[in-house]
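Student: One structure, as structure tokens, below. Some questions next.
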Amino acid sequence: MADFTAKIQSTKRVDRVIYSRHKKPSRRLEHDHVISEQPLQINLHWHNEDSEIETKVFAITMRTLGEEKFLILGLLFSEGIIKDFSYIERLFPENTDDNTNEQAIENNWQVHLKQGLQPKLTSIERYQTTYSSCGLCGATSLKALELKNPPNLLKITETLKISPDAIYTLADRMRSQQPLFTLTGAAHSAALFNQQAQLLSVFEDIGRHNAVDKLIGQRLFDQESAQIEQLLVMLVSGRVSFEIVQKTVMAGIGILVSVGAPSELAIKAAQRFNLTLIGFASSQSFNVYCGDWRIVNECKDNKISK
């Protein structure tokens with residue numbers, strides 16, 4: 001599923017000196033691959049009421065090179081700027097002042113909304129430069145998410161169920177499709193599954209939020225050309241923050257699973273928006289923090305042992 005050659009392009013080759021007390025010689029020079037990290041500037045363009053073009057920097061975020069189109073689509077969707085891909089007139093990387101700098105071109109992207117569509121300026125104005133470890137470092141809250149008019153997860157995922165046995169397999173299935181993590185040990189991942197635990201897609205990035213945005217962005221892009229799976233389960237590496245829950249809810253995904261822990265605010269958000277939130281998922285166990293009604297209980301008495 002993952003293109004190993006493409007993943008190599010998201011890394012840089014460096015030298016490393018290895019010291020060991022258990023292997024001989026104790027000091028040796030080797031080559032290593034490290035994950036790339038570059039700033040991505042997203043510039044938003046739209047027509048105002050006088051049909052004049054207005055432009056504003058939507059976000060500057062650190063990310064791993066590649067799959068920028070999906071990342072941008074997912075970020076715009078999660079923040080309520082667009083409802084689907086049809087809102088976009090053009091999306092492309094554009095030359096900067098230094099036209100000979102190919103890297104600068106890749107890092108500067110332009111998004112033109114179709115005429116008649118105006119973004120909510122309050123959403124744009126709260127943006128700051130963001131980094132791979134922090135997601136969207138602005139003012140976020142449950143109320144802010146409510147104002148984005150997220151879909152009703154109870155309604156659109158009313159038939160979504162998954163068995164414990166299926167959940168036990170998710171982490172290993174995603175791990176088998178993480179070439180960038182295998183190569184560098186520094187990439188987070190996000191994966192989509194159907195309720196039969198079939199792996200549909202995987203994205204990797206140095207930032208957890210970026211990997212999720214790429215996943216959601218690809219889904220938006222695919223909706224333009226074909227029917228896609230609706231009842232979905234998302235698996236993420238690392239911890240679950242409020243922003244990860246927000247993106248999952250906005251995408252209409254009913255079950256969010258992580259190999260790590262959720263934050264308190266993430267749990268509150270999951271409860272508020274009827275998202276099934278699962279943490280510490282492995283082949284042996286998992287914890288359910290909210291929404292266990294979507295998990296098929298194999299115990300006849302349906303009781304939780306203490």
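Student: Given the conditions (1) crowded, with 19+ Cβ neighbours inside 10 Å; (2) out of contact with any helix residue (DSSP H, G or I) (no Cβ under 6 Å at 6 or more places or on another chain); (3) modelled with pLDDT under 90; (4) aliphatic (A, V, I, L, M), report the number of the one that L44 does not fulfil.
Tutor: Of everything listed in (1) crowded, with 19+ Cβ neighbours inside 10 Å; (2) out of contact with any helix residue (DSSP H, G or I) (no Cβ under 6 Å at 6 or more places or on another chain); (3) modelled with pLDDT under 90; (4) aliphatic (A, V, I, L, M), L44 misses just condition (3).
Student: Could you check region 105-156 for helices (runs of 4 or more DSSP H) lying wholly inside it with 2 or more residues that are over 15 Å from N43 (Cβ atoms) and modelled with pLDDT of 65 or more?
Tutor: Those helices (runs of 4 or more DSSP H) span 142-147, 153-156.
Student: May I pose another question? Quick check, is L265 assigned to a strand (DSSP E or B) and of a type outside the set (D, E)?
Tutor: Against the criterion (assigned to a strand (DSSP E or B) and of a type outside the set (D, E)), L265 does not qualify.
Student: Hey, among V257, V212, which residue is assigned to a strand (DSSP E or B), touching a strand residue (DSSP E or B) at 6+ places or on another chain (Cβ under 8 Å), closer than 20 Å to R173 by Cβ and touching a residue at least 24 places away in the same chain (Cβ under 8 Å)?
Tutor: Working: V212 fails: assigned to a strand (DSSP E or B).
Unique residue meeting the criteria: V257.
The values are calculated or read from the model by the stated rules, or taken from the named source; none is laboratory data. Only a predicted model underlies this, so the values are computations on that prediction, with no experimental measurement involved. A quick note on method: Cβ atoms are made from the backbone with ideal geometry, for glycine too, and the neighbour counts reach across all protein chains shown.
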